[in-house]
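The structure under discussion appears below in the form of structure tokens.
The values are calculated or read from the model by the stated rules, or taken from the named source; none is laboratory data. The shown structure was predicted, so the numbers you read here are calculated from the model rather than taken from an experiment. Virtual Cβ from ideal backbone geometry, glycine too; neighbours counted across all protein chains shown. Areas reflect the complete protein model, heavy atoms only, side chains present, ligands, DNA and RNA absent. Shrake-Rupley method; radii C 1.70, N 1.55, O 1.52, S 1.80 Å.
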Amino acid sequence: MPKVTVDGQEIEVPAGATVLQACELAGKEIPRFCYHERLSIAGNCRMCLVEVKPGPPKPQASCALPAADGQEIRTDSPMVKKAREGVMEFLLINHPLDCPICDQGGECDLQDQAVAYGRGGSRFDENKRAVTEKYMGPLIKTIMTRCIHCTRCVRFSEEIAGVDEIGALYRGEDMQITTYLEQAAAHELSANVIDLCPVGALTSRPYAFEARPWELKKTLSIDVSDAVGANITLHSKGREVMRALPRINDDVNEEWLSDKGRYQVDGLTKRRLDRVWVRRDGKLQPAEWTEAFGMIAGALEGDKGSIAAVAGDLLDAETMFAAKALVNACGSNLTEARQTGMTYDVSKLAAVNFNSTFAGIETADAILIIGSNVRWDAALLNVRLRKAVKAGAKVYIIGPEWDPTYPATFLGSDLKILNRIPKELGDVMKSAQRPAVILGAAGLAKGVLAATLKLVDKFGLVRDGWNGFNVLHISAARMASLMLDFTAPGGMGEIAAASPKVLLSLGADEMDYGAFGSSLKVYIGHHGDKGAHHADIILPGASYAEKDGTYVNTEGRVQFAEKAVFAPGDAREDWTILRALADALGVTVGFDSFAALQAKMIAAVPALGEEGLADYGALPKPDSGAKFEGEIAGYPIKDFYLTNPIARASEVMQRCSDELLHGADVKEAAE
């Protein structure tokens, strides 16, 4: 490990580190615009200049200079100070200096570094350069005159997202950053360039002119738009969530966030259920809580055990535990969270978990994906798979073709191909040091979980320090529901066959209500979506932003989300509704507060009380008689932007769906 001296302090740095990284290890702040830890080195903003001896007697760009043994690095010499002032003066020559009306104001790298490293005045008298605005889609607002050509957005699109849609035109002073043919940036991670942009050139179009950062309350939360469990911060003003931004978590989402997780939040205020409704004479009409509870108690009179609960995809663990406690207290065990009708063995949770972990899948060298469009099922996992491919991994996919943004071999849609493994696939998987299989939702729906477990021995998926057997869920509530045993052995078919007198639908908007024609359907949810339209009674609940809750992602990682805002109108947190309903039904559930509910849940399932990866033990022995049958005709997600009730209520997500997926020409109101 080379030893370098930074401002008189001698430190050891890892081999291959740059001078900038060496300075940061020494606790020195180095200004930068183009350099980013997760992107390739461009070395084109020249803000990170330092003085290095031995070397030429001039400032050098520390981001692109390797640290070498014996180097003396100065970050505070007069030469460095003058050089940084000069670079900043050049950067601001053509900048419009419109901070008061810029949405980046208050969280702008250019502002911060101009104050810290600029000279405080400009000697420039000529006319400023102006650049025409570019169109980058419904999510990204552009003011390209502010652009300082750091190329972070270009490198993100090419290296992280794998979609070469943003690039540069012309040269020198005439250089402009734009999308290909000025079309919308149409991929699932496009808005991350807003976070990366160090100036106000790329800002959030839906959030434009809405609020300043110092006006917002920041709440730590978890994204529920998919099963990745990305760490986010909800920024709220009053009772409204204004925006969601990613939090850094190298184990889960690094520092990225899917466009849906970022922009569905405007749906939190639209099409909300904010009062109780009951169906009278075939029409839903406003009512009071006592009337609704009385109707439910009346329906169960004489047969209290004829009650069932179905959980939706966005639920927290506490709500599911409260519902299970209520149903069990009534004498029933009819609970199910796989609302679309999937059934699979859940006796060993390791068999339905993403065992490699997201960080671990980057190190896999051979990957077989069965029945998953990973870009839509888990956009942030696709980023990890790109890293694996860059490191030399080979990817094979069974299912209808989609664009994976990396080289992959499609083996067709017929699952029977895996009964007799093709030679190329078999050779690659068996010779791999860290082989992995990813079984997606389309594969699970075909009932091939048992057959896929046979591949564990066939490919040697489990080795010292490595478990390559993975199931990729698409529901944020799925793993928590499995840990809570919120499933019936026969799935939704068993619930329907029991013909319960009362069906509690906990935000279940994707289920088939046709099988429950004789049941009193009670919908506890937050949006007037499909479930509410079928309901006989609607009890307004809280969304993920309006309650504390525990979520478990598809890799079995337990995470906690905090309450950001209050629910609108008469809406209540789901557990309080279930607790009040228990009183109306005359049963005891054993909790009167959220803390008591959470403590009772953790006592029942201790793993839900420890943030981090849950230990699900070893994989079960495979069923030797299981076979691959059927053909994957399509994937469960038909529209990436409209997968849940919050997203379907979101004007921004509707616009993305229309424009980016269906090619609609979305007109402004004035047109």
Unique match (being of a type in the set (D, E, K, R), in the same structural domain as PHE560 (by the TED database), assigned to a helix (DSSP H, G or I) and over 26 Å from the mean Cα position of the chain (by Cα)) among GLU494, GLU424: GLU494
Does ALA309 fit the bill of being open to solvent by less than 10 Å² (accessible area, probe 1.4 Å), among the aliphatic types (A, V, I, L, M) and in contact with a helix residue (DSSP H, G or I) (Cβ under 6 Å, 6 or more places away or on another chain)? yes
Condition broken by ALA61, with the remaining ones in (1) closer than 30 Å to ASP7 by Cα; (2) without any contact (Cβ under 8 Å) to a residue 24 or more places away in the chain; (3) surrounded by fewer than 15 Cβ atoms within 10 Å (Cβ to Cβ); (4) not assigned by the TED database to the domain that holds PRO213 satisfied: (3)
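Helices (runs of 4 or more DSSP H) wholly in the range 337-421 with at least 1 residues that are of a type in the set (Asp, Glu) - which ones? Steps first, please.
Working: elements: 358-361, 374-377, 379-390.
Hits in the range 337-421: 374-377.
Got a sec? Which of ALA184, ALA208 is closer than 17 Å to VAL265 by Cβ, of a type in the set (Gly, Ala, Ser) and surrounded by fewer than 20 Cβ atoms within 10 Å (Cβ to Cβ)? If you could, list the steps in order and put the result at the bottom.
Numbers: ALA184 fails: closer than 17 Å to VAL265 by Cβ.
Of ALA184, ALA208, the one residue that is closer than 17 Å to VAL265 by Cβ, of a type in the set (Gly, Ala, Ser) and surrounded by fewer than 20 Cβ atoms within 10 Å (Cβ to Cβ) is ALA208.
This table checks each residue for (1) outside any helix (DSSP H, G or I); (2) closer than 30 Å to THR452 by Cβ; (3) modelled with pLDDT of 95 or more; (4) in contact with a helix residue (DSSP H, G or I) (Cβ under 7 Å, 6 or more places away or on another chain).
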site	(1), (2), (3), (4)
GLY569	yes, no, no, no
PHE591	yes, no, no, yes
TYR616	yes, yes, no, yes
LEU619	yes, yes, no, yes
PHE628	yes, yes, no, yes
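Restricting to the range 99-145, name every residue that is assigned to a loop (DSSP other than H, G, I, E, B) and among the aromatic types (Phe, Trp, Tyr). Steps first, please.
We begin by selecting, within the range 99-145, every residue assigned to a loop (DSSP other than H, G, I, E, B); these are 102-108, 118-139, 143.
Selection gives PHE124, TYR135.
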Looking across the range 64-90 at residues that are under 20 Å from VAL4 (Cα atoms) and not in a loop (DSSP other than H, G, I, E, B), the single one that is farthest from the chain's Cα centre (by Cα) is MET79
Just checking: which of the strands (runs of 3 or more DSSP E) contained wholly in the range 513-566 hold 1 or more residues that are closer than 17 Å to SER225 by Cα and touching a helix residue (DSSP H, G or I) at 6+ places or on another chain (Cβ under 9 Å)? 520-525, 549-552, 557-561
THR219 passes all but one of (1) at pLDDT 95 or above; (2) part of a helix (DSSP H, G or I); which number fails? (2)
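Among the residues of the range 314-330, what is the count of those that are open to solvent by 10 Å² or more (accessible area, probe 1.4 Å), more than 26 Å from the chain's Cα centre (by Cα) and either touching a residue at least 24 places away in the same chain (Cβ under 8 Å) or not assigned by the TED database to the domain that holds ALA582 (or both)?
Of all residues in the range 314-330, those open to solvent by 10 Å² or more (accessible area, probe 1.4 Å) come to 314-315, 321, 324-325, 328-330.
From what is left, the residues that are more than 26 Å from the chain's Cα centre (by Cα) are 324-325, 328-330.
Filter once more, keeping what is either touching a residue at least 24 places away in the same chain (Cβ under 8 Å) or not assigned by the TED database to the domain that holds ALA582 (or both): 324-325, 329-330.
So the answer is 4.
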Name the pairs whose Cβ atoms lie under 9 Å apart, with the first residue in the range 194-215 and touching a residue at least 60 places away in the same chain (Cβ under 8 Å), the second open to solvent by 50 Å² or more (accessible area, probe 1.4 Å) and β-branched (Val, Ile, Thr), and 6 or more positions between them or separate chains? PHE209/ILE101
The one condition in (1) out of contact with any strand residue (DSSP E or B) (no Cβ under 6 Å at 6 or more places or on another chain); (2) outside the structural domain of ASP570 (by the TED database) that ILE370 fails to fulfil: (1)
Tell me, please, whether a residue that is part of a helix (DSSP H, G or I), closer than 30 Å to ALA497 by Cα and not acidic (Asp, Glu) can be found in the range 275-289. yes
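Looking at GLN654, is it open to solvent by 10 Å² or more (accessible area, probe 1.4 Å), in a helix (DSSP H, G or I), in contact (Cβ under 8 Å) with a residue 40 or more places away in the chain and of a type in the set (S, T, N, Q)?
The answer is no for GLN654.
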Within the range 1-34, which residues are under 19 Å from PRO59 (Cα atoms) and not in a loop (DSSP other than H, G, I, E, B)? VAL4, THR5, VAL6, THR18, VAL19, LEU20, GLN21, ALA22, CYS23, GLU24
